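Asker: Take a look at the following structure, please.
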Amino acid sequence: MASLTFIYDMIFLVLFCLATVFFLYVKRKNIRREGLMFLYKTKIGIKFINYVGSKFKRTLNILSYIIIFVSYILMIGVVYLIGKSVYLYVTKPFLVTSIVKAPPIVPVIPYFPQLFGMQSYFPDFSFTYFIVSISIVALVHEFAHGIFMKYNKVRIKSTGIAFLGPILGAFVEQDEKDMEKKSKTAQMSILGAGVFANVITALIFFIIWWGLFYVSFIPSGATFNSYATGIVSVSSIESINGINITNPANQNLINLIDSRKIQDTKVLGTQDKLNLTEVIIDGKSYFITIDLLKKQLEMNRTEIILYYDMPGIRNVVKGAIISIDETPVISYGDLGNVLSKYNPGDRVEIKTKDNGEIKNYNIILEKNPLNSSKPMIGIGNLRNIKMNMADNFAIFKNPFTEYEKNGGFLPFIYYLVFWIFLLNLLVAFFNMLPASILDGGRFFYLTVWGITKNEKLAKKAYKYSGKLILLAFILMLISWGIGRAFG
């Protein structure tokens, strides 16, 4: 059954489309069509643009140079990212597609995470999020262009709204002859003003997003993504799954695994099960899956990583720890404080929440291998690549603390602000690509012309830069297709 949020969003989408059709019909005499887009020209906002562009000349003069500098940083950054992506997709297509299942290029449209299988990378992106975010992106981008047009005395013909189906955009129409007469520095400040405004808007909404986190979510437990591990010497291996190892050389162990004499046969846990391999080293038990053991041996390592024989893995503890002996564990920091009250050998009851299900574990705490006076459950956290964009940017969020929504409308606003931040940032980078249809294309053309003093060479560079960008995207798509088809 569809959630109420989705139903409300679909109702809003239908109403918005009807309102758009009605507006286009009523204003049809003032609508101009360009390809698939419908443009509605107005004079709205020009007074504000003229006021700011003429009132704060000293500030705008300083900002002109900052804008150009930031624009170069964005251009270099986005070209580097695309170049790095192409290299990885072309040289390691199977590795990349095994980690990232989604295509390398997708349109940022409502519900694109669900449409392109990217739910693990992005939070929900409803139509409401889309229309609010894209409207703010377009508004600040175009008004910034307009303000620097006024400052540099480039005539503004009109402002307006662009319609592409239910997708809205904004524009500020300049007098092209006036623009071409201005100095290269003036033109570059006008071209870069839009992306600069998007960067500033992204920064503002990032700070708001940061603040909203603390009122939208509350810590509710300690999470972990691994069991306690230790580094051991291959030469010290005495037996694997009861098979005595007389020659613990890497290749000998690999041969035993390939001959299927060593397999995952040790079953751990009561509620949840883990099928592992038991390794005895110096009389002590360790655990590992046979696949992970073989991968480490194939690297010809003299030392390998194994799981300690601890209560965590022995009982297959799963989920976020929410209490120990009824003492609440709110965060990962709390976990250490609560455990410090116990000694090795104490029996404790641990409660976890795993996908909404409460689980109970009755365990005996072990000695910490590094400090025998301290107790240990045997859980840990390995640093791994965070795939979700919201988690990547949420530097204020403890990655090892479980959080619950604080209820009400705040979590909805939290993710709306995140999308406003992210789309402004993405548009700032994307728009500085040196491609002819983007601000970055003309910016690149003026740069080459300014450096070489050769307009003909600048035009060629402008022409072929766009083709190279297109080729880069095509190569990534082809490599992704190969990786998905044969990986």
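The values are calculated or read from the model by the stated rules, or taken from the named source; none is laboratory data. Since the model is a prediction, treat every value here as computed from it, not as a measurement. A quick note on method: Cβ atoms are made from the backbone with ideal geometry, for glycine too, and the neighbour counts reach across all protein chains shown. Protein only, heavy atoms only, side chains kept; ligands, DNA and RNA dropped before computing areas. Shrake-Rupley method; radii C 1.70, N 1.55, O 1.52, S 1.80 Å.
Asker: Filter segment 118-158 down to the residues that are without any contact (Cβ under 8 Å) to a residue 60 or more places away in the chain, surrounded by fewer than 19 Cβ atoms within 10 Å (Cβ to Cβ) and assigned to a helix (DSSP H, G or I), then identify the one that is farthest from the chain's Cα centre (by Cα).
Answerer: Applying the filter and picking the extreme gives 139.
Asker: Of all residues in segment 400-436, which are without any contact (Cβ under 8 Å) to a residue 60 or more places away in the chain and open to solvent by 50 Å² or more (accessible area, probe 1.4 Å)? Walk me through how you get there before you give the answer.
Answerer: Filtering segment 400-436 for residues without any contact (Cβ under 8 Å) to a residue 60 or more places away in the chain gives 407-409, 435-436.
Matches in segment 400-436: 408, 409, 436.
Asker: Residue 40 passes all but one of (1) under 19 Å from residue 147 (Cβ atoms); (2) more than 34 Å from the chain's Cα centre (by Cα); which number fails?
Answerer: (1)
Asker: Pick out the one residue from 397, 456 that is open to solvent by 30 Å² or more (accessible area, probe 1.4 Å), within 30 Å of residue 215 (Cα to Cα) and not small (Gly, Ala, Ser).
Answerer: Details: 456 fails: within 30 Å of residue 215 (Cα to Cα).
397 is the lone residue from the list that is open to solvent by 30 Å² or more (accessible area, probe 1.4 Å), within 30 Å of residue 215 (Cα to Cα) and not small (Gly, Ala, Ser).
Asker: So residue 217 ticks every box in (1) buried (at least 16 other Cβ atoms within 10 Å of the Cβ); (2) within 30 Å of residue 442 (Cα to Cα); (3) out of contact with any Leu (no Cβ under 8 Å at 6 or more places or on another chain) but one. Which box is left unticked?
Answerer: (2)
Asker: Tell me, yes or no, whether segment 67-87 has at least one residue that is in a helix (DSSP H, G or I), of a type in the set (Phe, Trp, Tyr) and closer than 22 Å to residue 152 by Cβ.
Answerer: Keep residues of segment 67-87 that are in a helix (DSSP H, G or I), which gives 67-87.
Within this subset, residues satisfying the condition of being of a type in the set (Phe, Trp, Tyr) are 69, 72, 80, 87.
Of the ones still in play, those that are also closer than 22 Å to residue 152 by Cβ are 69, 72.
Yes, segment 67-87 contains at least one residue that is in a helix (DSSP H, G or I), of a type in the set (Phe, Trp, Tyr) and closer than 22 Å to residue 152 by Cβ.
Asker: A further question follows. Which one of the conditions (1) closer than 29 Å to residue 197 by Cα; (2) in contact with a Phe, Trp or Tyr (Cβ under 9 Å, 6 or more places away or on another chain); (3) open to solvent by less than 90 Å² (accessible area, probe 1.4 Å) does residue 59 fail to meet, given that it meets all the rest?
Answerer: Failing condition for residue 59: (2).
Asker: Now a separate question. Looking at segment 35-50, can you tell me whether even one residue there is over 27 Å from residue 473 (Cα atoms), at pLDDT 95 or above and surrounded by fewer than 16 Cβ atoms within 10 Å (Cβ to Cβ)?
Answerer: We begin by selecting, within segment 35-50, every residue over 27 Å from residue 473 (Cα atoms); these are 38-50.
Filter once more, keeping what is at pLDDT 95 or above: none.
So far as segment 35-50 goes, no, none of its residues is over 27 Å from residue 473 (Cα atoms), at pLDDT 95 or above and surrounded by fewer than 16 Cβ atoms within 10 Å (Cβ to Cβ).
Asker: Given the conditions (1) modelled with pLDDT of 90 or more; (2) surrounded by 13 or more Cβ atoms within 10 Å (Cβ to Cβ); (3) not acidic (Asp, Glu), which single one is not true for residue 207?
Answerer: Going through (1) modelled with pLDDT of 90 or more; (2) surrounded by 13 or more Cβ atoms within 10 Å (Cβ to Cβ); (3) not acidic (Asp, Glu) one by one, residue 207 breaks only (2).
Asker: Next question, about the same structure. So in segment 258-271, with the set limited to residues that are touching an Asp or Glu at 6+ places or on another chain (Cβ under 9 Å) and either outside any strand (DSSP E or B) or of a type in the set (Val, Ile, Thr) (or both), which one is most open to solvent (accessible area, probe 1.4 Å)? Don't jump to the end; show me each part of the working.
Answerer: Quick first cut of segment 258-271, residues touching an Asp or Glu at 6+ places or on another chain (Cβ under 9 Å) only: 264-266.
Among the residues that remain, those that are also either outside any strand (DSSP E or B) or of a type in the set (Val, Ile, Thr) (or both) are: 264-265.
Details: 264: 43, 265: 90 Å².
Result: 265.
Asker: Is it the case that residue 198 is out of contact with any strand residue (DSSP E or B) (no Cβ under 9 Å at 6 or more places or on another chain), in a helix (DSSP H, G or I) and open to solvent by less than 10 Å² (accessible area, probe 1.4 Å)? Talk me through it step by step, then tell me what you get.
Answerer: Working: out of contact with any strand residue (DSSP E or B) (no Cβ under 9 Å at 6 or more places or on another chain): yes; in a helix (DSSP H, G or I): yes; open to solvent by less than 10 Å² (accessible area, probe 1.4 Å): yes.
Yes: the conditions hold for residue 198.
Asker: Among (1) free of Cβ contacts under 8 Å to residues at least 60 places away in the same chain; (2) of a type outside the set (Asp, Glu); (3) in contact with a Lys or Arg (Cβ under 8 Å, 6 or more places away or on another chain), where does residue 73 come up short?
Answerer: Among (1) free of Cβ contacts under 8 Å to residues at least 60 places away in the same chain; (2) of a type outside the set (Asp, Glu); (3) in contact with a Lys or Arg (Cβ under 8 Å, 6 or more places away or on another chain), the lone unmet condition for residue 73 is (3).
Asker: Can I ask one more? Which of the helices (runs of 4 or more DSSP H) contained wholly in segment 272-391 include at least 2 residues that are open to solvent by less than 60 Å² (accessible area, probe 1.4 Å), under 30 Å from residue 251 (Cα atoms) and modelled with pLDDT under 90? Quick ask: steps written out before the conclusion?
Answerer: Details: elements: 290-298, 311-314, 332-339.
Output list reads 290-298.
Asker: Only one residue in 22, 69, 6 is open to solvent by 60 Å² or more (accessible area, probe 1.4 Å) and in contact with a Ser or Thr (Cβ under 8 Å, 6 or more places away or on another chain), so which one is that?
Answerer: Numbers: 22 fails: in contact with a Ser or Thr (Cβ under 8 Å, 6 or more places away or on another chain); 69 fails: in contact with a Ser or Thr (Cβ under 8 Å, 6 or more places away or on another chain).
Unique residue meeting the criteria: 6.
Asker: Evaluate the following for residue 466: is it open to solvent by less than 70 Å² (accessible area, probe 1.4 Å) and either among the polar types (S, T, N, Q) or in contact (Cβ under 8 Å) with a residue 24 or more places away in the chain (or both)?
Answerer: Details: open to solvent by less than 70 Å² (accessible area, probe 1.4 Å): yes; either among the polar types (S, T, N, Q) or in contact (Cβ under 8 Å) with a residue 24 or more places away in the chain (or both): yes.
Taking the combined requirement at face value, the residue satisfies it.
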